[in-house]
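The values are calculated or read from the model by the stated rules, or taken from the named source; none is laboratory data. These numbers come from a predicted model, not from an experiment. Here the Cβ positions follow ideal geometry from the backbone for every residue, glycine too, while neighbour counts run over all protein chains shown. Only protein heavy atoms, including side chains, enter the accessible area calculation; ligands, DNA and RNA are left aside. Shrake-Rupley method; radii C 1.70, N 1.55, O 1.52, S 1.80 Å.
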Amino acid sequence: MVELMIAMLVGLFLLGTLALVLSNNSRTRNEMEKSIRQIQNARYAIEVLTKDLSNAGFYGEAGLPITTSPLPQPCPAAGALNGDVLAFPVQGADNLAAGPACLPDLLPGTDYVVVRRASTCSVGQADCDPFVAGVPHIQQPACTPGQTPLVSTALAALSGTTRQCIASQLAPIYRLFNRVYYVAANNNAGDGIPTLMRADLGGAGYGITPVAEGIQALHFEYGLDTDGDGEPDSYLLTNNSGALLAGGVALPDAQWRDVVAIRVHLLARNVDPTAGYTDTRTYFLGQQTIAPLNDAFKRQAYSTTVRLNNVAGPRESSP
């Protein structure tokens, strides 16, 4: 009997140790899965932003428009997406208390960036979207040199032809995009998961698409080319009204046309908290500092620099 009791005690001890090992392994695996998910979300967010920003200012055969008009609203209507708006391939605002109506649930204290460009394929090409009525498109007539690009939401208005001036040979037509990237306080209503969102101009206003969950902060620095060589001479912040700042002074709206690169900074957090963990780290997103948040979510900061090829490239080749 004594031997049996000793054996049972030893067995319980071994089982307890095994249960502890299994519990620790399970907890470690769960934390690794959270971290991997966070890294994937952050990398995907960076990839999407990089791809879109690098194409900013691409308008098919049409060049970058020139305008003396002031900086447009971030979310113009489809009928208002004209040359004066397209002349600003990017714009942004910093540290917003609230967003415009087109950016619902914007997380206070974060930034947004606007990207304007055309599709990289023309209507009718293989794997390219067909013409969508009500959505702005752009066409560069080529029959007569120096013709002004046509921008319209109606196919019938895009009647420009190729250099052969044959009415049946339409010049390529490209869909236009006005996209705004921002951080929303929730992925789904009330879930409390901060998420990178994209507001896309469509025929019925702006549609909201989740891009990557767990993105808690978004911050941009804008590389300004002041000598016309296509390279940024300084990186500037903006204010919450959308003006570029140099030494704390707001620059003229026209300076947005000299932005040739953007530094992208984002802070990603795990979707789920970690029991027993307190985040006491300070995060540096470029020139912005985020103080310790003292909660149970693990976080990581990510940064990259994106060149605006369609703005910087022509400047490099200019005499």
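Things worth noting here:
- Potential extension, Val48-Gln300 segment - 0.36 nm per residue separation minus Cα distance: 88.9 nm
- Neighbour net charge for Gly214 - beta-carbon separation under 14 angstrom, K R +1, D E -1: 0
- Here the range 30-140 exposes an accessible surface that is 54 percent carbon and sulfur, computed with a 1.4 Å probe and the other protein chains kept in place.
- Charge tally around Phe58: other residues with Cβ under 10 Å, Lys/Arg +1 each, Asp/Glu -1 each, net +2.
- Phi-derived couplings, Karplus 6.51 cos²θ - 1.76 cosθ + 1.60 at θ = phi - 60°, listed residue by residue for the range 118-133: 9, 4, 7, 9, 8, 4, x, 6, 4, 6, 10, 4, x, 5, 10, 4 Hz, with x used for Gly and Pro.
- Net charge over other residues, Cβ less than 10 angstrom from the Cβ of Gln288 (K, R count +1; D, E count -1): -3
- Per residue, the average separation of C-alpha pairs within less than 8 Å and at least 6 apart gives the range 79-170 a relative contact order of 20 percent.
- Of all accessible heavy-atom area on the range 223-272, the percent that carbon and sulfur account for (1.4 Å): 46 percent
- Computed helical MRE - 222 nm, the chain, DSSP H runs ≥ 4 contributing -39500 (n - 2.57), nearest 500: -7000 deg cm²/dmol
- Given +1 at the Cβ of Lys and Arg, -1 at the Cβ of Asp and Glu and no other charges, the dipole of the chain around its Cα centre is 380 debye to the nearest 20.
- Solvent-accessible surface of the range 152-247, averaged per residue with a 1.4 angstrom probe and all protein chains in place: 40 square angstrom.
- Mean separation of Cα contacts under 8 Å, 6 or more apart, over the residue count of the chain: relative contact order %: 17 percent
- Projected area averaged over orientations for the range 224-310, convex hull of C-alpha atoms, nm²: 7.2 nm²
- Taking the longest Cα principal axis of the chain as reference, the axis of helix 2-54 is set at about 10 degrees.
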